[in-house]
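This report refers to the structure that appears directly beneath it.
None of the figures in this text is laboratory data; all of them are computed from the coordinates on show. Small disclaimer: the values here were computed from a predicted structure and weren't measured. Glycine gets a Cβ as well: all are built from the backbone with ideal geometry, and neighbour counts include every protein chain shown.
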Ligand code: HEM
């Protein structure tokens, strides 16, 4: 993972150059952003693995995830997919709008209201999957202990991000709100990864929950 991080930063140097050479083409901007999110995810995984090494004695002896083959394990994967789709369609909204590079940069050919609706549809789908997850984990002590906190954290960040999303949409996408929206999108994604990570744990050590 450390090697991936170093290689990824090198890759970003190249993509960054392509962004400039192509006159801030939205596709190269999107690639730059998605590779950044991937690197953030890798960094997050590195930190979690490092803390698991500290907890090896508690967690390692049982390799099977505690929630393996339970419906909640599949639902958490769906949550990850719908969140990823919300993030990806967000980049298409930006690529079609006023912040897709400078004034002369080409734009994606999507009508703003249409692509913004598709983007928010994935957000609402994520909200629905989240509500189902919260219902399901109520029925299992293990699932509740592993997932309640990460799911609540995810819900909070998602609500905040959704509010910013509507606010910026209905106020003509002011740049300072867009900046908050872009930054928080990384937090939303990392919270989703955190839920996924927690669903893959093989034991319930109290220290993991703290
Ligand atoms: C709650 C989960 C949400 C996530 C994870 C999310 C994520 C994103 C991302 C990643 C971008 C593109 C950033 C970039 O390309 O640099 C974006 C742009 C955008 N999002 Fe969202 N978004 C969410 C909710 C919403 C909602 C509910 C709306 C309401 C319509 C919305 C409206 C927009 C708009 C208008 C843009 C384009 C802003 C611009 O660059 O001009 N978002 N979003």
**Complete:** The relative contact order of the stretch 2-209, taking Cα pairs under 8 Å that sit 6 or more residues apart, comes to a percentage of 29
**Prompt:** So how much slack lies between residue 13 and residue 104, counting 0.36 nm per residue of separation and subtracting their Cα-Cα distance, in nm?
**Reply:** 30.5 nm
**Request:** Work out the FRET efficiency for residue 5 and residue 203 from their Cβ-Cβ distance, taking R0 = 25 Å, and round it to the nearest 0.05.
**Result:** 0.35
**Asked** Where does each of 176, 197, 167 land when they are ranked from fewest to most other beta-carbon atoms within 10 angstrom?
**Response** 176, 167, 197
**Item:** Which of 124, 189 has the fewest Cβ neighbours within 10 Å, and the rest in rising order
**Value:** 124, 189
**Message:** As an exercise, find the ratio Rg/Rh for the stretch 144-196 from alpha-carbon atoms, using the Kirkwood inverse-distance average for Rh.
**Reply:** 1.09
**Fill in**
Ordered by fewest other Cβ atoms within 10 Å, a rough proxy for footprinting exposure, 148, 10 read 10, 148
**Complete:** With -39,500 (n - 2.57) per DSSP H segment of 4 or more residues and division by the full residue count of the chain, the 222 nm estimate, nearest 500 deg cm²/dmol, is -27000 deg cm²/dmol
**Request:** Calculate, in nm to one decimal, what residue 45 and residue 167 gain on full extension: separation in residues at 0.36 nm each, minus their alpha carbon distance.
**Result:** 40.7 nm
**Three semi-axes of the equivalent ellipsoid, the chain, Cα gyration tensor, whole Å, largest first** = 34, 22, 12
**Message:** Under the 0.36 nm per residue contour assumption, what length would be gained going from the current alpha-carbon distance of residue 128 and residue 186 to full extension?
**Reply:** 18.9 nm
